[in-house]
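The values are calculated or read from the model by the stated rules, or taken from the named source; none is laboratory data. Predicted, not measured: the structure shown is a model, and the values here were computed from it. Glycine gets a Cβ as well: all are built from the backbone with ideal geometry, and neighbour counts include every protein chain shown.
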Amino acid sequence: MRTRRPTIRIFFALALLASVLGLGSYAAAQSPVPATDTVLHVFQGGRADGALPAGGVVLDAKGNLYGSTTYGGNGGSACIGGSCGTVFELSPPAQPGGAWVETILYNFTGVTHNQDGELPNGGLVMDATGNLYGVTAYGGTGGCQLLGAVDGCGSVYELSPPNAPGGTWTKTTIYSFQGGTDGDLGIGNLTFDAAGNLYGATEYGGGFGTCNAPFYQNCGTIFKLSPPKTKGGIWTEKVLYSFKGGTDGANPNGGLIFGKDGAIYGTTFFGGGVYLYGQLELGCQGAGGVGCGAVFQLEPSQAADSTWSENVLYRFQGSPEDGAAPSAGLAVDRDGNLYGTTLGGGPTGGGTLFQLVPSKVPGWPWHEIGIFRFTGASGDLPTGPVILDGQGGIYGTASADGPYSEGSIFRLSRQGTTDWNYSVLCGFPGQQAAGPTGSLTFGSDGTLYGISSVYKRNTNGAVFMLGK
């Protein structure tokens, strides 16, 4: 097993696990909230199953769930943690009340075996024909090194369903990041546009800035992958923007969204400093990065071969008044308002849920509204993005604290024009699924599906369902 220094996100993940395993300090528990979730699958880790699901799950028309795990699987022991990760399918029971059935669709084998990807670092997206797409943090043909070992720069992969039921899915690496001016370490969920192009982020690479040097180079990229004109051809990659740190963002999160204007919107974990009295103030200081994070907009270039132009819409200021370290993507409503979460900041450092309202004057700054500040009893550490129900409701997960100090699923609904009502839909008791992470997914009947990092104090994780 090769040794690597983890990325900046791992330090926050370790703090999260300490919280949900009872190793941290908590606010006093409030009135019990029912653990109304149903656990669909508990990951076993090792060679037989995945471990630590990433990014959330996607749902097909037949009700099957698909996702990835960062660790686990029988792809070999050369990857960090002794395993390289998996892609899985969960099929609903044939009879009501039966068990969901897991199928491992692919076991990653890592850079030392056929230059495969390793350590999936986000969830999956599905196209109209059922193909699945995701990113890995390491592996691929790139020559990126850590501590003297070639680990690869990460990859983008495609999994195509079999022609006949029960057949084998086909995995294809459609792009390997190369580092340098290209990306390094793919992160987060990918996004499709109407033409079938894929968009995503790398946490490092891009050729600018010194984020987390010497272990990783540069401050990250936003990229576009264009599909081949003929089946089986080569996908074409283009770096749309390279982050620079300082007053710019640094270390983007993926999970990009498109606005009605055709622009891309997203967040960066670090960066976003401001000048005060002629001095650059970087605010938050963390392992491998500085600045409290930012929300950005990328507008398409008029020239096909040019990079997109960036606007930093908001720079977070950190505790006690503002959020810090957004660790996921955004959601957008019909009026163009953006919604997201920050992992830190707020009065107790437990994170925030924010709204960004566009200016009525083109080119003027956007206005931030702090919708909710997590303080422990309601939940802490919202690591995933929020989703909207189309009726003004906002749903998300808090990974720690909450009614049982093990995380919660929450809903915010409007009260009047400016106020919001916060309610906990599910309080995780820790005796089953706990520490929910990633994005929630709506089923056709309003059921919510999600992933957790812990099950009964076991850190292999689980997939759960929350009924209406």
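Scanning for something in a loop (DSSP other than H, G, I, E, B), among the acidic types (Asp, Glu) and under 23 Å from Gly246 (Cα atoms), does segment 289-308 turn up at least one residue? Steps first, answer last, please.
Residues of segment 289-308 that are in a loop (DSSP other than H, G, I, E, B), as a first pass: 291-293, 300-308.
Next, only the ones that are among the acidic types (Asp, Glu) stay: 305.
Cutting the leftovers down to under 23 Å from Gly246 (Cα atoms) gives us none.
No: zero hits.
Is it true that Gly110 is in contact (Cβ under 8 Å) with a residue 24 or more places away in the chain and crowded, with 20+ Cβ neighbours inside 10 Å?
Considered against the rule, which asks whether it is in contact (Cβ under 8 Å) with a residue 24 or more places away in the chain and crowded, with 20+ Cβ neighbours inside 10 Å, Gly110 comes out as yes.
I'd like the residue in segment 143-184 that is in contact with a Lys or Arg (Cβ under 9 Å, 6 or more places away or on another chain) and within 17 Å of Gly123 (Cα to Cα) and, out of all such residues, is surrounded by the most Cβ atoms within 10 Å (Cβ to Cβ). Before the answer, list the steps.
Taking segment 143-184 as the starting set, the residues that turn out to be in contact with a Lys or Arg (Cβ under 9 Å, 6 or more places away or on another chain) are 146-147, 149, 151, 157-160.
Imposing the further condition that a residue be within 17 Å of Gly123 (Cα to Cα) reduces the set to 157-160.
On the way: Tyr157: 26, Glu158: 19, Leu159: 21, Ser160: 14.
The qualifying residue surrounded by the most Cβ atoms within 10 Å (Cβ to Cβ) is Tyr157.
Being surrounded by fewer than 16 Cβ atoms within 10 Å (Cβ to Cβ) and either assigned to a strand (DSSP E or B) or among the aromatic types (Phe, Trp, Tyr) (or both) is the filter here, so list the residues in segment 309-339 that pass it.
Result: Ser309, Asn311.
Please find, among Thr342, Thr441, the residue that is under 25 Å from Thr459 (Cα atoms), surrounded by fewer than 21 Cβ atoms within 10 Å (Cβ to Cβ) and of a type outside the set (Lys, Arg).
Working: Thr342 fails: surrounded by fewer than 21 Cβ atoms within 10 Å (Cβ to Cβ).
Selected residue: Thr441, the only one of Thr342, Thr441 that is under 25 Å from Thr459 (Cα atoms), surrounded by fewer than 21 Cβ atoms within 10 Å (Cβ to Cβ) and of a type outside the set (Lys, Arg).
If you scan segment 75-114, which residues turn out to be at pLDDT below 85 and touching a Phe, Trp or Tyr at 6+ places or on another chain (Cβ under 6 Å)?
Initial filter on segment 75-114 (at pLDDT below 85): 76-78, 80-81, 96-97.
Of everything in segment 75-114, just one residue is at pLDDT below 85 and touching a Phe, Trp or Tyr at 6+ places or on another chain (Cβ under 6 Å), namely Gly81.
Just the residues that are under 23 Å from the mean Cα position of the chain (by Cα) and of a type in the set (Lys, Arg), please, taken from segment 394-433.
Arg411
From the list Glu299, Glu310, which one is farther than 18 Å from Gly188 by Cβ, out of contact with any Gly (no Cβ under 7 Å at 6 or more places or on another chain) and in contact (Cβ under 8 Å) with a residue 12 or more places away in the chain?
The unique qualifying residue is Glu299.
How many residues, within segment 169-200, are farther than 14 Å from Lys244 by Cα and touching a residue at least 60 places away in the same chain (Cβ under 8 Å)?
Number of matching residues: 18.
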